[in-house]
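Every number in this text was worked out from the coordinates using simple rules, so none of it is lab data. What you are looking at is a predicted structure, and each value in this text was computed from that prediction instead of being measured. Virtual Cβ from ideal backbone geometry, glycine too; neighbours counted across all protein chains shown.
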There are 2 protein chains.
Amino acid sequence: MDFTEKTLSSNEIYNGKVVKLRVEEVELPNGNHAKRELIAHPGGVGIIAVTPEKEVLTVTQYRIAFRKMLLEIPAGKLEYGEDPLSCGLRELEEETGYVASETVHLGEYYPTPGYCEEKINIYMATGLVKKEQHLDEGEFLTVKKFPLDTLYEMVMNNEINDAKTAIAILKAKAILDK
Amino acid sequence: MDFTEKTLSSNEIYNGKVVKLRVEEVELPNGNHAKRELIAHPGGVGIIAVTPEKEVLTVTQYRIAFRKMLLEIPAGKLEYGEDPLSCGLRELEEETGYVASETVHLGEYYPTPGYCEEKINIYMATGLVKKEQHLDEGEFLTVKKFPLDTLYEMVMNNEINDAKTAIAILKAKAILDK
């Protein structure tokens, strides 16, 4: 069935550095009208980098949205139009100092499709070589390696809250255990 | 290490039906100042409902953020302060007509911790009994059952884009296959 909503008008509320917010007036399949609050975002990328010993590079950083430190895979925000994989490999090197020679695409995810246009592409990276970490000005994080099996148990025990990190760990484990 | 960012001021940009947007001026660990765009959201819940035959109830609905139909687990938005599980079971019944007698918590996820305060709680529900579907005014979706193994293959083949749905399928499969 076709449940397409037709945009009748769009009103930009805010155009920020990370997000844009607009409200669209739409026509529903039954002809009624409704308002849709929509966040535009250039997209994100996350990289689960796995060593030959099946250890995974994590970054722990302060996330003001939750007023606490959060353990995540290395990740970044794209520029509008930027290629997710090259952005992800750059973020991996900047945040951890590692470069990777092989990557596998683990999928494109919509974190909150009800109101946000962000897409997060996730890759698994292997063939790691250590170079130099070089964080952005104002970027503060600690890098730590964990066995993939340890992170998998943490996901299964609900000890990892970041959605992209949970997906990356669950899929990497399924692929590498095959 | 403590990388806490200290909020110096907060400016509300928008207070909508689904999201609120504010910009905070913060002090970074090195003493510099930065701006943080932050989305407030009352929280979400998703339910992966599994039949005794290991089939999963899915809903397919139009998501204007991506201008297409999306396959997801039944889900909903909380009211501020609402209990996620009771909201989830109500959404399951409204969207699919099924009530569940048993639930397991599959975790609390932060879909986009860089700028959004939404938390999505995910549950697995079993002991299903079919009653009546009763969609909200203006809600249009189709319900379909799929074998859990089929959905798992779709996740592994990158054919499912909704993040909460991917996590729910991967974790339900790991738990039920044990």
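What does the convex hull of the alpha-carbon atoms of the protein assembly as shown project to on average, in nm²?
For the protein assembly as shown, averaging the hull's shadow over all directions gives 17.7 nm².
Given springs between every Cα pair under 10 Å in a Gaussian network model of chain B, which of B:His33, B:His41, B:His105 has the largest fluctuation?
Its mean-square fluctuation being the largest, the pick is B:His33.
So what is the relative contact order of the stretch B:61-174, in percent, for Cα pairs below 8 Å that sit 6 or more residues apart?
This gives 26 percent for the stretch B:61-174.
Identify the chymotrypsin sites (Phe, Trp or Tyr not before Pro) of the stretch A:45-144 meeting these criteria: DSSP loop state and at most 11 other C-beta atoms within 10 Å of the C-beta.
Taking the stretch A:45-144 and a limit of 11 other Cβ atoms within 10 Å, the loop chymotrypsin sites (Phe, Trp or Tyr not before Pro) found are A:Tyr80.
So what's the back-of-envelope 222 nm ellipticity for chain B, counting only DSSP H runs of four-plus at -39500 (n - 2.57) apiece and dividing by all residues, rounded to 500?
Result for chain B: -6500 deg cm²/dmol, rounded to the nearest 500.
Compute the Cα gyration tensor for the stretch A:6-62, then decide on rounded, prolate or oblate, letting a ≥ b ≥ c be the square roots of its eigenvalues: rounded whenever a/c is under 1.5, prolate when a/b is larger than b/c in the other cases, and oblate in all that remain.
Prolate, since a/c reaches 1.5 and a/b exceeds b/c.
Over the alpha carbons of the stretch A:97-146, what is the largest minus smallest coordinate on each principal axis, giving the biggest first in Å?
In descending order, the Cα extents are 40, 30, 20 Å.
Count, for each residue of B:98-109, the Cβ atoms from other chains sitting within 10 Å of its Cβ, then give me the mean as a whole number.
Rounded to a whole number, the mean comes out at 2.
Which of B:Gly114, B:Met154, B:Ala40 sits closest to the plus end of the dipole of the protein assembly as shown, meaning its Cα is farthest towards the positive end, when Lys and Arg get +1 and Asp and Glu get -1 on the C-beta?
Ranked along the dipole, the leading option is B:Met154.
If you take each beta carbon of peptide A:36-43 and count the beta carbons of other chains within 10 angstrom, what is the mean?
Taking the mean over all residues of the peptide, I get 4.
What shape does the stretch A:52-178 have by the C-alpha gyration tensor, where a ≥ b ≥ c are the square roots of the eigenvalues, rounded means a/c under 1.5, and otherwise prolate means a/b greater than b/c and oblate the rest?
Rounded.
Summarise the partner chain shielding of B:156-162 as one whole number: the mean count of Cβ atoms from other chains within 10 Å of each residue's Cβ.
The per-residue average across the peptide is 5.
Among A:Lys54/B:Lys20; A:Lys54/B:Lys77; A:Lys171/B:Lys145; A:Lys144/B:Lys68; A:Lys145/B:Lys20; A:Lys171/B:Lys35, which pairs are too far apart, with a Cα-Cα distance over 30 Å?
Those over the limit are A:Lys54/B:Lys20; A:Lys54/B:Lys77; A:Lys144/B:Lys68; A:Lys145/B:Lys20; A:Lys171/B:Lys35.
Cα centroid distance between the stretch B:113-162 and the stretch B:79-110, in Å?
Answer, in whole Å: 11.
Any idea what the relative contact order of the stretch B:1-142 is, in percent, if you count C-alpha pairs under 8 Å spaced at least 6 apart?
RCO, the stretch B:1-142: 23 percent.
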